[in-house]
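S.K.: Right, I'll just put the structure down here and ask away after.
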Amino acid sequence: MKKYARGDKNGTISKGANEEKHRGVKAPPKSALQPPPISNNPKVARIEQVTDPKTNSSDDNGKSCELTYGSYCLWQQKHREVMKDAMVKKLKDQLFVARSYYPSIAKLPAQDKLSRELKQSIQELEHVLSESSTDADLPPLVETKSEKMQVAIAKAKSVPVVCDNVDKKLRQIYDLTEDEADFHRKQSAFLYKLNVLTMPKSFHCLALKLTVEYFKSSHDEKEAGSEKFEDSSLRHYVIFSNNVLAASVVINSTVTHAKVSRNQVFHVLSDGQNYYAMKLWFKRNNYREAAVQVLNVEHLEMDKLKDNPSQLSLPEEFRVSFRSYDNPSMGQFRTEYVSIFSHSHYLLPDIFSKLKKVVVLDDDVVIQQDLSALWNLDMGEKVNGAVQFCSVRLGQLKSYLGKKGFSHNSCAWMSGLNIIDLVKWRKLGLTQTYKRLIKELSVQKGFNIAATWPASLLAFENKIYPLNESWVRSGLGYDYKIDTNSIKTAPVLHYNGKMKPWLDLGIPNYKSYWKKFLNKENQLLSECNVNS
């Protein structure tokens, strides 16, 4: 637990303050001079004094806000916000009360006129609130409607009615309101999940237009730069993606910051649905002197892949909530998004059988510096150069990893930026190890998806070469509080999390780092409103 220095327990007052007291100036009480006691409860935030001793304001009741340490009314004055829906809330309250009285009034034959008046006011307010969520949406003369409703409610309250009926109706309305709120909460969660899991309409439009144009135009069988695709002396980058613009941003940002681009080769592995759109896009767009190869995972014809799933699987992301590893007794939970290799990544040694080393980039990263230094790393006997994520250790995931022997202090690792030694991978048979772990863990978990990420962590245990943490700044897809300076200086930005930069739900402060690598002059982007 972080410790803070406490104030002097004796609350001593300086000599100058005593002299002021003797001259007839009233000295502040000790409680105003001392910092407040620090709570030992870790859930209680530390409050620092920010008020000026000369401050003299008043709260809503007109009481003076003089120097009082931790005064709520001073805080209230400083953080006061103008309510944008005050009238809307007032109308909702009136409607709530009117609905509770109306059934009882409607049963009284002598109150037909009041019953009609209440019913009309209720219908008017229901119509107004169906089209308004803030005061700015309210129609003219809404004040008159509110006053009319208030008069009707006052009349209803003056009529002798059976209180039990009103009480029952209030409870009924309350239950309905609670059910409605619960429905909207679940609907909101569903729509949020749907939004983050589906491709934006503009991106879908772009993929369709590219696919249609691909089949309308003629194509050379030989791709530009194809002689580089199997040249192991060059620097090869692999991207798994079904998102045309995401893959384009990764490549564009990489070559933009590269000192030399002619020795760079990018291999984009996509699925059948997006393959032709990818082919046309990377044929029409140049990335300096770099070569780009697009492969359809579903059409790869290799004997070694016949036992593997033919569908593309993107890097897996898992939301992990955990207590602090160093101080678990505090009881505070943190949530992180850990990205890991998927099934398709374990095809790399077979797909690129003539290559010795590749750098694997997720399609939700942005490169901000030259990556040449990665190719000069001596990883020793390690296979995968990755940023370790020691906030999550294997010991914290033991319930997911099964009862197999592993080091509890081993750190998890992240995909996003990985340098892979394919020669050592083949020598150690890591693909076969992964398949075996999948089978073993599937028996325990009951289905393959739950076994994917623990199998990846265990397959690469003790085979990770830890890259310096400064290489990658992760969390841009879920953390709103990342320091701007750390974003600007990081070689690689990783938008791990649900709020990807191409989604409307993406964190606004981080979108600009991604968007600046879009080809905004492309006509198709304008036609599909991608830049809007």
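S.K.: Keeping all protein chains in position, work out how much accessible area residue 299 exposes to a 1.4 Å probe, and write it in Å² to the nearest 10.
M.R.: Approximately 110 Å² of residue 299 is accessible to the 1.4 Å probe.
S.K.: With each pseudo-label sitting 7 Å past Cα toward Cβ, what's the residue 188-residue 505 distance in nm, one decimal?
M.R.: Calculated label separation equals 1.3 nm.
S.K.: Still on this model: For the ranges 253-261, 98-106, 171-179, what's the packing order if you count other beta-carbon atoms within 10 Å of each residue, average per peptide, and put the highest first?
M.R.: The peptides rank, most packed first, as 98-106, 253-261, 171-179.
S.K.: Pairs 90/155; 119/169; 398/424: which exceed 20 Å Cα-Cα?
M.R.: 398/424
S.K.: While we're on this one: Can you find, among 374, 352, 442, the residue sitting farthest towards the positive end of the charge dipole of the range 352-504, where Lys and Arg contribute +1 and Asp and Glu -1 at Cβ?
M.R.: 442
S.K.: Between beta-carbons, use under 14 Å as the cut-off and find the net charge around residue 191, counting Lys and Arg +1, Asp and Glu -1.
M.R.: +3
S.K.: Nothing charged except the Cβ atoms of Lys and Arg (+1) and of Asp and Glu (-1): what's the magnitude of the dipole of the range 175-304 about its Cα centre? Round to the nearest 20 debye.
M.R.: 700 debye
S.K.: Along the positive direction of the dipole of the range 175-241 (beta-carbon charges: Lys, Arg +1; Asp, Glu -1; about the Cα centre), which of 187, 202, 232 reaches farthest?
M.R.: 232
S.K.: How much of the accessible area of the range 173-230, in percent, comes from carbon and sulfur atoms when a 1.4 Å probe is used?
M.R.: 58 percent
S.K.: Here is a further query. Want the number for residue 173 to residue 428: 0.36 nm per residue separation, take away the alpha-carbon distance, what's left?
M.R.: Here the answer is 85.1 nm.
S.K.: Give the carbon-plus-sulfur fraction of the accessible surface of the range 410-532 in %, rounded to a whole number; probe 1.4 Å, heavy atoms of protein chains only.
M.R.: 49 percent
S.K.: Around residue 233, what is the net charge, scoring Lys/Arg as +1 and Asp/Glu as -1 over all other residues with Cβ under 15 Å from its Cβ?
M.R.: +3
S.K.: What whole-number value in Å² describes the accessible area per residue of the range 213-267 for a 1.4 Å probe?
M.R.: Accessible surface, normalised per residue, equals 46 Å².
S.K.: Measuring with a 1.4 Å probe in the full set of protein chains, what accessible area per residue, in whole Å², belongs to the range 102-163?
M.R.: That works out to 63 Å² for each residue.
S.K.: Something else: Per residue, what accessible area does the range 387-530 have, given a 1.4 Å probe and all protein chains present, in Å²?
M.R.: Result: 48 Å² of accessible area for each residue.
S.K.: I'd like the distance separating the alpha-carbon centroids of the range 126-150 and the range 186-261, in whole Å.
M.R.: Between the Cα centres of the range 126-150 and the range 186-261 lies a distance of 50 Å.
S.K.: Would you please classify the overall shape of the range 450-497 from the alpha carbon gyration tensor, given that a ≥ b ≥ c denote the square roots of the eigenvalues, rounded means a/c under 1.5, and beyond that prolate means a/b larger than b/c while oblate covers the rest?
M.R.: Cα axes put the range 450-497 in the oblate bin.
S.K.: Can you list the residues of the range 109-151 with backbone N under 19 Å from a point 7 Å past the Cα of residue 157, pointing along Cα to Cβ?
M.R.: Inside the label zone: 114-115, 117-119, 121-122, 144-151.
S.K.: So what's the net charge close to residue 252: Lys and Arg +1, Asp and Glu -1, counting the other residues with Cβ under 11 Å from its Cβ?
M.R.: +2
The values are calculated or read from the model by the stated rules, or taken from the named source; none is laboratory data. Just so it is clear, the structure is predicted and the values come from calculations on it, not from any experiment. Because the Cβ atoms are built from the backbone with ideal geometry, glycine has one as well, and the counts that use them run over all protein chains shown. Note: accessible area is taken over every heavy atom of the protein model, side chains too, but ligands, DNA and RNA are not part of it. Shrake-Rupley method; radii C 1.70, N 1.55, O 1.52, S 1.80 Å.
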